[in-house]
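Student: Below is one structure. I have some questions about it.
Derivation of every value follows stated rules applied to the coordinates shown; laboratory data play no part. All values derive from a computational prediction rather than experimental measurement. So basically every Cβ, Gly included, is an ideal-geometry build from the backbone, and we count neighbours across all protein chains shown.
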Amino acid sequence: MTTEPRPGPGADGGGPPALALHGVTKRYGALTALSAVDLEIAPGEIVGLLGHNGAGKTTLMSIAAGLLHPDAGRVRVMGVDPVTDPHGARSRLGLAPQELGVYPPLTVRQNLLFFAELAGLRGRVAHSRIEEIAGPLGLTELLGRQVARLSGGEQRRVHTGMALLHRPQLLLLDEPTAGVDVQTREQLLELVRSIAARGTAICYSTHYLPEVEALDGSVAIVNRGRMAARGTLKKLIRQYGDSAVELTFSGSPPDTALPWPSVVDGRVLRVTVDQPHLAAPRVLEALGGSAGELVNLRIVQPSLESVFLQVTGRRYDAQPEPAAYPGPVGREGSAAEARAGEDTHG
């Protein structure tokens, strides 16, 4: 395992990490959701948090936000302990969970104003912050519209905006682009990059690996409750990435006699080889009569996808795990705190 935190553009190296988890363990009866997890995120750093469903990502986010208490280990948000000083920690962080926490009967402005007040913002300051986040999120023309009349992507932008109103030093985004259109996804990614450039640390959990590659930050891979890999994208690809020929069959892959390592994952046969474009003809020849069952052949170059497969032994999940909390968290928390016990241990 590598433990290489990378300061982002807003880090000056003189203060505490925006988020520091050391030896964090969380159990639910006989189930260990997190086991001795270490994770540090520097100011201005973007960390793509990856893992299969049930790997522990949502539990990690909940503990970082102070919605759950660890059974062991230490958590600090800008040096503040969310267990002993929950309000102090929450004043420094923003959480936008996977499940939308908007109020459909209210307008966009009313939704944002409500969460601004929860964060301790009043009067002109609250309205100024709303205008400040509305522009980058493309919400300015929507402020007077009822949220129930917005598209899913527009509601997702409102949901994210709620977590930004109090200018958090740490932003936790859990599946921020789940179910959104391409345009909204690009807007949110650009917003994440711009916020990080101003010094905010961002923990970004997603099931879309190309997003992490596009953000070009660092990566933390959680596998079965443990931190399996941590480092910059380039370093992890250099350390774990490999190239391969992947063959998908209509049924179970056949047994083949090949001089290269191969693994079977469902209907996929993955042959690891340094020069897959040159090895592909020989792989096809080795199929013999089973070639008629081949439905797809793919040349895989070193990438985050190959890193994830190498580290965990399994492909990345195509769908997000169930949400564990219903709304963004700011300075005073939200309804999420009252329902934190509903965590799905993901």
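Student: Counting pairs of alpha carbon atoms under 8 Å apart in space and at least six apart in sequence, what relative contact order in percent does region 243-301 give?
Tutor: Relative contact order for region 243-301 comes out at 51 percent.
Student: Over region 243-301, how many percent of alpha carbon pairs lie in each 5 Å bin up to the one with the longest distance?
Tutor: Result, from short to long distances: 4, 22, 35, 28, 10, 1 percent.
Student: Okay, moving on. Give me the percent relative contact order of the chain, please, defined on Cα pairs under 8 angstrom at least 6 residues apart.
Tutor: Averaging sequence separation for qualifying contacts and normalising by length gives 25 percent for the chain.
Student: Spelling out what I want: for every residue of region 164-179, take phi, set θ = phi - 60°, compute 6.51 cos²θ - 1.76 cosθ + 1.60 (Karplus), and round to whole Hz; glycine and proline get x.
Tutor: Running phi through 6.51 cos²θ - 1.76 cosθ + 1.60 with θ = phi - 60° gives 9, 4, 9, 6, x, 7, 10, 10, 9, 10, 9, 6, x, 10, 4, x Hz.
Student: With r defined as the distance between the Cβ atoms of residue 224 and residue 291 and R0 fixed at 45 Å, what FRET efficiency is calculated, to the nearest 0.05?
Tutor: Details: r = 37 Å, r/R0 = 0.81.
FRET efficiency, residue 224 to residue 291: 0.80.
Student: When the Karplus curve 6.51 cos²θ - 1.76 cosθ + 1.60 is applied with θ = phi - 60°, which whole-Hz ³J(HN,Hα) does each residue of region 223-232 get, with x for Gly and Pro?
Tutor: Values per residue, Gly and Pro as x: 9, 6, x, 10, 6, 8, 7, 8, x, 5 Hz.
Student: Rounding to the nearest 20 debye, state how big the charge dipole of region 36-123 is about its Cα centre with +1 on each Lys and Arg Cβ and -1 on each Asp and Glu Cβ.
Tutor: Numbers: 7 positive and 8 negative charges, 57 e Å.
It works out to roughly 280 debye.
Student: Here are a few candidate values for Cα extents along the principal axes in Å: [x] 69, 60, 34; [y] 55, 44, 38; [z] 74, 44, 40. Which one was actually calculated from the structure I just gave you?
Tutor: Computed from the coordinates, Cα extents along the principal axes in Å corresponds to [z].
Student: Per residue of region 145-150, what does 6.51 cos²θ - 1.76 cosθ + 1.60 with θ = phi - 60° give for ³J(HN,Hα)? Whole Hz please, x for Gly and Pro, Karplus curve as stated.
Tutor: Result, rounded to whole Hz: 8, 5, 4, 4, 9, 8.
Student: Shifting gears a bit: Long-range amide H contacts for residue 27: which residues qualify at under 5 Å (H placed 1.01 Å from N, peptide plane, sequence gap of 5 or more or a different chain)?
Tutor: 33, 71
Student: While we're on this one: By how many nm would the segment from residue 84 to residue 198 lengthen if fully extended, with 0.36 nm per residue of separation less the alpha-carbon distance?
Tutor: The residue 84-residue 198 span can extend by a further 38.2 nm.
Student: Same structure again: What does the charge dipole of the chain about its Cα centre add up to, to the nearest 20 debye, if the Cβ of each Lys and Arg holds +1 and the Cβ of each Asp and Glu holds -1?
Tutor: My answer is approximately 580 debye.
Student: Could you work out the helix-only [θ] at 222 nm for the chain, with each DSSP H run of four or more residues adding -39,500 (n - 2.57) and the total divided by the number of residues, to the nearest 500 deg cm²/dmol?
Tutor: My calculation for the chain gives -8500 deg cm²/dmol from helical runs alone.
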